[in-house]
Amino acid sequence: MADMEAFGDAVTAWAAGDAGGPGDVGDAGQAAGAARELAARLPVRTVVLLEGASDAEAVGALAAKRGRNLAAEGICVLPMGGAMSVGRFARFLGPQGLGLRLTGLCDEAELGYYARGWEGAGAQPQGFFVCAADLEDELIRALGVPRVEELVRVEGDFRALGTFLRQPAQRERTAQQQMRRFLGTKKGRKIRYGRVLVEALDPDRVPAPLDDLLASL
């Protein structure tokens, strides 16, 4: 697990510097070299490119529910910190880089970034899965707002939810939209609920994009 995290960290450092060619001896070049060495040693066979840490929590939670250890299977779950970075990650990791299989999960609004990233990297077209709005929206719909409210109460956030819902800006939103917005109003909350919501799902209620992603690995 630690080695796979180190691989992900090295890839992220490389992407931040957008370097890593054979003659590069700077920080990004060193990170690229470390990523290549770890990819060969582990070995890594697949990288799951995700927009953010909340998506990674959800994927990890579903894998655990199904008794899978993705790192042990040679699968790196890698949050990129935003869909706009997908081109750099895909170029470095895919057929024109380390030669790893790429897959991922993205919001419908970010589909263009993923499609162009896959094309630019020479990766298999449509090798990723798309959420209608975002993964949180998919999970809230799968569970239903009343069940999510129960989970918010258990997690100790029900008072904060009540305060949020009294804001004038929330009056024109649906209950689904309000809950989705609430999860993103405090740093770290969306990440935590990425795990909490998935752990609460019935086996037959897993959103299709998330279910299909894990089945593909």
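The values are calculated or read from the model by the stated rules, or taken from the named source; none is laboratory data. The shown structure was predicted, so the numbers you read here are calculated from the model rather than taken from an experiment. Neighbour counts are summed over all protein chains in view; Cβ atoms, including those assigned to glycine, are modelled from backbone coordinates with ideal geometry. Remember, those area values only see protein heavy atoms, side chains included, never the ligands or the DNA or RNA. Shrake-Rupley method; radii C 1.70, N 1.55, O 1.52, S 1.80 Å.
Laid out as a table, the results:
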| quantity | calculated |
| --- | --- |
| Overall dimensions of the stretch 40-147 as given by Cα atoms, namely Rg and Dmax in Å | 14.2, 47 |
| Scattering profile of the stretch 86-217 at q = 0.09, 0.14, 0.15, 0.20 Å⁻¹ [log10 I(q)/I(0), Debye over alpha-carbon scatterers] | -0.34, -0.72, -0.79, -1.10 |
| Carbon plus sulfur fraction of accessible area for the chain, probe 1.4 Å, in percent | 50 percent |
| Karplus 3J(HN,Hα) series, Hz, for the stretch 204-211 with 6.51 cos²θ - 1.76 cosθ + 1.60 (x for Gly, Pro) | 8, 10, 5, x, 4, x, 6, 4 |
| The chain - accessible surface per residue (Å², probe 1.4 Å) | 49 Å² |
| In Hz, Karplus ³J(HN,Hα) per residue of the stretch 81-92 (6.51, -1.76, 1.60; θ = phi - 60°; x = Gly, Pro) | x, x, 5, 5, 8, 4, x, 5, 4, 5, 5, 6 |
| Net charge dipole size for the chain [Lys, Arg +1 and Asp, Glu -1 on Cβ; Debye, nearest 20] | 500 debye |
| Linear extension gain, THR163 paired with ARG66, 0.36 nm per residue minus alpha-carbon span | 31.3 nm |
| Sum of -39500 (n - 2.57) over DSSP H runs of 4+, divided by residues of the chain (222 nm, nearest 500) | -16500 deg cm²/dmol |
| Radius, Kirkwood style, for the stretch 161-217 when every pair of distinct Cα atoms is counted (Å) | 13.2 Å |
| ASP137, ASP202, ASP3, ranked by accessible area, largest first (probe 1.4 Å) | ASP202, ASP3, ASP137 |
| Nearest-0.05 FRET efficiency for LEU111 and ARG181, computed from C-beta distance (R0 25 Å) | 0.70 |
| Within the stretch 55-96, backbone nitrogen closer than 12 Å to the virtual label 7 Å beyond the Cα of ALA16 toward Cβ | 81 |
| Residue of ASP55, ASP134, ASP204 that the Gaussian network model of the chain assigns the largest fluctuation, springs spanning Cα pairs under 10 Å | ASP204 |
| Whole-Hz ³J(HN,Hα) from phi, Karplus 6.51 cos²θ - 1.76 cosθ + 1.60, for the stretch 170-176, glycine and proline x | 8, 5, 8, 9, 6, 4, 4 |
